[in-house]
Amino acid sequence: MSHDSRRQALEIAKLVHPRPEAVSAALFAQGGPFFFASDKVQVKYEMLRAHVVDHRSVTAAAFEHGYSRAEFYLVAAAFEEAGMGGLLDERRGRKGPMKLTAEVRDFLDSLGPRSASEAASALEGELGVRLHPRSIQRLRRR
């Protein structure tokens, strides 16, 4: 795989290192087909490896891989918690609907074939949860 096609794949996956030009670690400076400074996940992994295996200081390992000390600790904590999956960026924003709890879903299911507007009114009256009728329609389509 060429560097261009690899970079395109990383861009599609949103895994391009934000500052590949700042990566100065020897493995990446040598170039070659394997080590690629634009590969954010690979750079993060190698940063952690440089600290743990090569005994580089946190400051040096972070700097050589284009990250700050604070970012190093965030990456290390994510790796500790989730392994390699922790090196992927988390989705930003909410992690799902906030109001559609199990209790709300059960209540809506118990209402039967009422209109979405009627269900929204009943939900607000019974549980005090205000939910737009359109949200109820989307939920019912699943």
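The values are calculated or read from the model by the stated rules, or taken from the named source; none is laboratory data. Predicted model, so just to flag it, every value in this text is computed and none were measured. Here the Cβ is made from the backbone with ideal geometry for all residues, glycine too, and neighbour counts use every protein chain on show.
Key figures
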{"read-out": "Only listed residue being modelled with pLDDT under 95, of a type in the set (Gly, Ala, Ser), part of a loop (DSSP other than H, G, I, E, B) and surrounded by fewer than 15 Cβ atoms within 10 Å (Cβ to Cβ), chosen from Gly32, Gly85", "value": "Gly32"}
{"read-out": "Residue tally, condition assigned to a helix (DSSP H, G or I), surrounded by 13 or more Cβ atoms within 10 Å (Cβ to Cβ) and in contact (Cβ under 8 Å) with a residue 12 or more places away in the chain, over the stretch 4-23", "value": "5"}
{"read-out": "Contacts under 7 angstrom Cβ, first residue in the stretch 115-142 being acidic (Asp, Glu), partner in a helix (DSSP H, G or I), 6 or more apart", "value": "Glu126/Phe107"}
{"read-out": "Options Ala61, Ala122, Ala70; residue that is of a type in the set (Gly, Ala, Ser), more than 30 Å from Ala13 (Cβ to Cβ) and at pLDDT 90 or above", "value": "Ala122"}
{"read-out": "Filtered residues of the stretch 126-142 (kept if surrounded by 12 or more Cβ atoms within 10 Å (Cβ to Cβ) and under 27 Å from the mean Cα position of the chain (by Cα))", "value": "Ser135, Arg138, Leu139"}
{"read-out": "Counted residues, the stretch 109-125 - those being among the charged types (D, E, K, R) and exposed (fewer than 12 other Cβ atoms within 10 Å of the Cβ)", "value": "1"}
